[in-house]
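The values are calculated or read from the model by the stated rules, or taken from the named source; none is laboratory data. Since the model is a prediction, treat every value here as computed from it, not as a measurement. For neighbour counting, all protein chains shown are included, and Cβ atoms are generated from backbone atoms with ideal geometry for every residue, glycine included. Note: areas computed on protein heavy atoms with side chains; ligands, DNA, RNA excluded. Shrake-Rupley method; radii C 1.70, N 1.55, O 1.52, S 1.80 Å.
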Amino acid sequence: MISLDEARRRVLDGVVPLTPTEIACEYTAGLVLAQDVVAAENVPPFANTAVDGYAVRSADVSAACELRVIGTVAAGDGTEWSVGAGEALRIMTGAVMPVGADAVVMVEDTEPLAGDRVRIGKAIAAGVAVRPVADDVRAGAVVFARGTVLSPAGAGVLSSINARQVSVYPRVKVALLSTGDELVTDGSPLRRGQIRESNLTMLEILLTNDECEVSNLGVIADDEATLERVLLDAARNNDAIVTSGGVSMGDFDVVKAVLSRIAEMQWMQMAVKPAKPFAFGILTVDGRRVPVFGLPGNPVSSMISFELLARAALRKMMGHTRDLVRPLVRAIADSPLRRKPDGKVHFMRVFAQFGDDGRVHVRDTGPQGSHQLAATAAANALAVVPDGTGVVAGADVDVMLLGNH
Ligand code: AMP
Ligand code: MG
């Protein structure tokens, strides 16, 4: 058995970032920038008002007073207004500040009077409720450095500076398949020995959440010739392949049989429970080197080995350098996390939430068998329980927050 760190090192060493590509800013959220982005424009492009009200000369409003209203300007109205002494301009949020005015009295502090006059309720200082030009982004500034992971707000910023296309690491195109003659996907009644497929459903969502573009190839029969054809085809059309099942020591572990023949594989046994077996390798087709992640078939093992290994590698391929693996936080075990010594680190499914003490508290979510996906479904974190007899209630434990509920 090798340690998780060693397995991870081998997997990460085996993949390289994809070639960056230009994509439209509205599709960049979650992706990593491959170049610095320099603002070509100021945001906002002109000084404007932060409130609905009256643009005034603050020197005129050193106390409550009356002013003459010279007109109205809405957001988007390009009219060039100029406010003189004793004058005010009715103005709506986002409209251009008129020449001469240096503050905006919000409408709540005013009272319209007869004719073209307005009463201003109190004094105002220069600059109040004015958004200066470029106070969000200045033209020429590096807005985002290379390596930045774009958030939805980040994509919005790109839009705000008219960076319509930016160079990012693309989404990894992943072919996903499961093996197992016992697996049923079409809703038909189960015959003796059959079970319903669950891993493809789960893994497709995990991959999509991590910004991969998934081709779900479904369940492939436990037949070597068929599987070989499907894998070679998948390698031609994708950047990576994720398989579920067939990587352990069984007689019908066809994934193992076929990949051993056509790819450069490492068959790993990790000192981790669940998720001991893990296969990683490179399938070279038409000169393209396509990483293959062979996850175990037991649903919980499948999920955890995806989380611990495949996800990190896919993130590296998408240009991530930070947080390839989810960070650990120190939590308090509210229930005992019992285990038996076996030389492995156990990743136990737990539910984590903040307590009144401001700390993260976890409790286990039920049976911890590697086939018991239902207890995993209630978990939002994995407790890292080192070799030994476990963690007693009230003790500290490291947990990996999974990013769901
Ligand atoms: P394997 O890794 O193929 O030996 O499968 C290990 C266990 O996981 C067996 O009990 C399989 O029936 C089950 N299994 C394999 N693949 C899936 C899947 N896609 N969905 C649900 N269970 C699976
Ligand atoms: Mg199988």
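In the range 92-139, which residue that is among the acidic types (Asp, Glu) and within 13 Å of Thr49 (Cα to Cα) is least open to solvent (accessible area, probe 1.4 Å)?
Going through the qualifying residues, I end up with Asp102.
Residue by residue through the range 8-29, note down the ones that are assigned to a loop (DSSP other than H, G, I, E, B) and either in contact with a Ser or Thr (Cβ under 8 Å, 6 or more places away or on another chain) or aromatic (Phe, Trp, Tyr) (or both).
Passing the criteria: Pro20, Ala29.
Is one or more of the residues making up the range 42-49 within 28 Å of the chain's Cα centre (by Cα) and more than 30 Å from Val83 (Cα to Cα)?
Checking the range 42-49: not a single residue is within 28 Å of the chain's Cα centre (by Cα) and more than 30 Å from Val83 (Cα to Cα).
Taking the range 233-247 as the search range and keeping residues that are hydrophobic (A, V, I, L, M, F, W, C) and either surrounded by fewer than 17 Cβ atoms within 10 Å (Cβ to Cβ) or within 16 Å of ligand 2 (Cβ to nearest atom) (or both), which one is nearest to Trp267 (Cα to Cα)?
For the range 233-247, the residue satisfying everything is Val247.
Those residues that are open to solvent by 40 Å² or more (accessible area, probe 1.4 Å) and within 29 Å of Val118 (Cα to Cα), I need them from the range 17-49; list them, please.
Of everything in the range 17-49, just one residue is open to solvent by 40 Å² or more (accessible area, probe 1.4 Å) and within 29 Å of Val118 (Cα to Cα), namely Phe46.
Is it true that Ser335 is within 16 Å of ligand 2 (Cβ to nearest atom), buried (at least 16 other Cβ atoms within 10 Å of the Cβ), part of a loop (DSSP other than H, G, I, E, B) and not assigned by TED's automatic domain parsing to the domain that holds Ala271?
Here the answer is no, as Ser335 does not meet what is asked.
Which of the residues spanning the range 106-124 are in contact with a Gly (Cβ under 8 Å, 6 or more places away or on another chain) and within 12 Å of Cys65 (Cα to Cα)?
Asp109, Thr110, Glu111
Only one of (1) open to solvent by less than 50 Å² (accessible area, probe 1.4 Å); (2) touching a strand residue (DSSP E or B) at 6+ places or on another chain (Cβ under 8 Å) fails for Arg311. Which number is that?
(2)
Given the criterion more than 14 Å from ligand 1 (Cβ to nearest atom), touching a residue at least 60 places away in the same chain (Cβ under 8 Å) and on the phi > 0 side of the Ramachandran plot, identify the matching residue among Ala145, Ala139, Ala134.
Ala134
Inspect the range 220-228 for any residue being of a type in the set (S, T, N, Q), closer than 22 Å to Val285 by Cα and part of a strand (DSSP E or B) and give the result as yes or no.
No: zero hits.
What is the number of the single condition among (1) away from ligand 2 (no atom under 16 Å from the Cβ); (2) crowded, with 21+ Cβ neighbours inside 10 Å that Val255 does not meet?
(1)
Any chance the range 174-194 includes a residue that's surrounded by 13 or more Cβ atoms within 10 Å (Cβ to Cβ), away from ligand 1 (no atom under 16 Å from the Cβ) and at pLDDT 95 or above?
no
Restricted to the range 162-199, and to residues that are closer than 17 Å to Asp222 by Cβ and of a type in the set (S, T, N, Q), which residue is farthest from ligand 2 (Cβ to nearest atom)?
The extreme case among them is Thr185.
Within the range 258-276, take every residue that is in a loop (DSSP other than H, G, I, E, B) and more than 13 Å from ligand 1 (Cβ to nearest atom) and give me the one that is surrounded by the fewest Cβ atoms within 10 Å (Cβ to Cβ).
Among them, the one singled out is Ala271.
Just the residues that are open to solvent by 50 Å² or more (accessible area, probe 1.4 Å), within 16 Å of Asp102 (Cβ to Cβ) and out of contact with any Gly (no Cβ under 8 Å at 6 or more places or on another chain), please, taken from the range 52-74.
Ala59, Ser62
Sort out which residues of the range 210-256 are away from ligand 1 (no atom under 12 Å from the Cβ) and either of a type in the set (Gly, Ala, Ser) or free of Cβ contacts under 8 Å to residues at least 12 places away in the same chain (or both), and write them in order of number.
Selection gives Ser215, Ala221, Ala225, Thr226, Arg229, Asp233, Ala234, Ala235, Ala240.
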